[in-house]
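Heads up: the structure comes next, in structure tokens.
The values are calculated or read from the model by the stated rules, or taken from the named source; none is laboratory data. A quick note: this is a predicted structure, and the numbers were derived from the prediction, not measured. Cβ sites come from the backbone with ideal geometry, for glycine too, and all protein chains shown count toward neighbours. Only protein heavy atoms, including side chains, enter the accessible area calculation; ligands, DNA and RNA are left aside. Shrake-Rupley method; radii C 1.70, N 1.55, O 1.52, S 1.80 Å.
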Amino acid sequence: MYKVKEIYYTIQGEGYHAGRAAIFCRFSGCNLWSGREEDRHKAICKFCDTDFWGIDGTNGGKYDAAGLVAMCRSLWPQESSTQPFIVCTGGEPALQLDDALIDEFHRDNCLIAIETNGTIELPKDIDWICMSPKANTKIVVNSGHELKLIYPQKGISPEDVEVYDFSHKYLQPMDSPEVAENKIKTIDYCKRHPQWKLSLQIHKVLNIP
């Protein structure tokens, strides 16, 4: 059974697919933080801004592969001829996403994207791989479609991850009390290093649920 925090239909707010309609399937659990605030001080990733603990969110619960695909598919506009675009996120979706679930999604004509921290080997046949590296981790997903580095991030720099083989490279300002300063730093870096593109969390700017 797959443990899922929430499933919802929205607009992708960041990175390469910003502005694209998508179904987000947020898996419960992560290998870099428990998700509990009382544990944040000892987390490997201390700046996570996502609630992925438990299975109590919208459409959250425990699913088998067929049930999870059916739930996701039911949220896509029925009159649309466009392939459903499913973003598997977390937490860390690679803890649960497997070949059986990917095959089930593909049988129902869905496109599968993953947002991963890159520390766990991925199953085959994922249609879009977005890897967001974190400091003090061992990256094993060193190729894919989209590299998205939260910036500035203590302990890891754009120079550290440029060696990875990704078609698109994004810097995204860290959402923190210093977010205004972080935006300035990120814009400046992208201007000085044009191989990097700027990613903004437009879903927060526009209050897209």
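Among the GluC sites (Glu not before Pro) found in region 1-92, those both in a DSSP coil and sparsely packed, with 11 or fewer other Cβ atoms within 10 Å of their Cβ, are E79. Take the alpha carbon atoms of region 21-76, find their center, do the same for region 107-172, and report the distance between the two centers in whole angstrom. One Cα centre to the other: 18 Å. A 1.4 Å probe over all protein chains sorts D108, D64 by accessible area into D64, D108, starting with the largest. Across region 22-179, the relative contact order, built from alpha-carbon pairs under 8 Å that are at least six residues apart, equals 19 percent. Relative contact order of region 95-209: 17 percent, from C-alpha pairs under 8 Å at least 6 residues apart in sequence.
A DSSP coil position with no more than 16 other Cβ atoms inside 10 Å describes the following GluC sites (Glu not before Pro) in region 126-192: E162, E178. Rg and Dmax over the alpha-carbon atoms of region 52-120 stand at 12.3, 38 Å.
Placing +1 on the Cβ of every Lys and Arg and -1 on the Cβ of every Asp and Glu, with no other charges, gives the chain a dipole of roughly 500 debye about its Cα centre.
Sparsely packed loop sites in region 91-163 (the trypsin sites (Lys or Arg not before Pro) outside DSSP H, G, I, E and B with at most 10 other Cβ atoms within 10 Å) comprise K124, K138, K154.
Taken per residue, the accessible surface of region 29-168 reaches 48 Å², heavy atoms only and a 1.4 Å probe. Over region 158-200, the fraction of Cα-Cα pairs per 10 Å bin, rounded to whole percents and listed from the shortest bin up, is 29, 52, 18, 1. For the set K183, K62, solvent exposure ranked by accessible area (probe 1.4 Å, protein chains only) runs largest to smallest as K62, K183.
Here, region 55-167 yields an orientationally averaged convex hull projection of 8.2 nm² when only Cα atoms define the hull. Karplus-derived 3J(HN,Hα) values for region 84-100, using 6.51 cos²θ - 1.76 cosθ + 1.60 with θ = phi - 60°, are x, 9, 9, 9, 8, 9, x, x, 10, x, 5, 5, 10, 4, 9, 4, 4 Hz; glycine and proline are entered as x.
Measuring nothing but protein heavy atoms, the accessible surface of region 65-209 at 1.4 Å probe radius is 52 percent carbon and sulfur. In order along region 49-65, the Karplus-derived 3J(HN,Hα) couplings, from 6.51 cos²θ - 1.76 cosθ + 1.60 at θ = phi - 60°, round to 10, 10, 8, 10, 7, x, 10, 9, x, 4, 6, x, x, 10, 10, 8, 4 Hz, and Gly and Pro are given as x.
Taken one residue at a time, the phi angles of region 121-138 give Karplus couplings (6.51, -1.76, 1.60, θ = phi - 60°) of 4, 9, x, 7, 6, 6, 6, 9, 10, 10, 10, 10, x, 10, 5, 6, 10, 9 Hz. Gly and Pro are set to x.
Label point of A43 set 7 angstrom out along Cα-Cβ; within region 166-194, amide nitrogens under 18 Å from it belong to 172-179.
Cα convex hull, region 16-91: 116 Å³ per residue, rounded to a whole number. Ordered from largest to smallest accessible area (heavy atoms of protein chains, 1.4 Å probe), the residues K197, K42 come out as K42, K197.
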